[in-house]
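Since the structure comes first, as structure tokens, the remarks are kept for the end.
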Amino acid sequence: GMKHQMTEYALDGQNFNPNLTLKTFEYNCLDSTSEKIVDIALSSSAYLSGVLLTDFGTVIPFGSEYDIEQMGPPPAGLMVDVAGGGGGICGVSTTGSVVCWGAFYNENMKTVPDFKFKEIAVSNYKACGITIDDGLVCWGD
């Protein structure tokens, strides 16, 4: 895979200011010709960290080195959706199972009900998902 570059910017109050560059970092993609970033999820921890999701399903962590270390590596395998909050990240695998990782304020977030999901949302103490048969299932506190 080829190295791609992304720049992290800060907000100046509520306004985007391209002069306030926090850092530039590189990430690897599987296919340098066509892989594009399609989603982003933040862990909502004290530091800025999260993951990028590509159209191929690759999960790429970003943020401060310390925070990425606290989060731990994303699970192996490709994802179709990612969501973050409460100190961690959850992802929907290509088989519909959900896995959550990171330093959640509520450790119960990592105990996901055994359903097949197509989309998820994560807040500080709860997560909810839409199942493949359009049901709504929530877990956490």
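Please treat every number below as a calculation from the coordinates, not as lab data. Everything numeric here is computed off the predicted structure, so don't read it as measured data. For neighbour counting, all protein chains shown are included, and Cβ atoms are generated from backbone atoms with ideal geometry for every residue, glycine included.
Some points to look at:
- Ranking G85, T58, C138 by how far each Cα lies toward the positive end of the dipole of segment 57-141 (charges on Cβ) leaves C138 at the top.
- With the highest mean first, a sort of the peptides 79-86, 115-122 on other beta-carbon atoms found within 10 angstrom per residue produces 79-86, 115-122.
- Other residues within the sphere of radius under 13 Å centred on the Cβ of D141, judged by their own Cβ, net out at +1 (K and R +1, D and E -1).
- Sites K116 and E69 - FRET efficiency at Förster radius 35 Å, r taken between beta-carbons, to 0.05: 0.65
- Placing pseudo-labels 7 Å out from each Cα toward the beta carbon at S97 and C128 gives an inter-label distance of 2.6 nm.
- Annotation: for a label point projected 7 angstrom from Cα along Cα→Cβ of V38, residues of segment 70-109 with backbone N closer than 17 Å are 77-83, 91-97.
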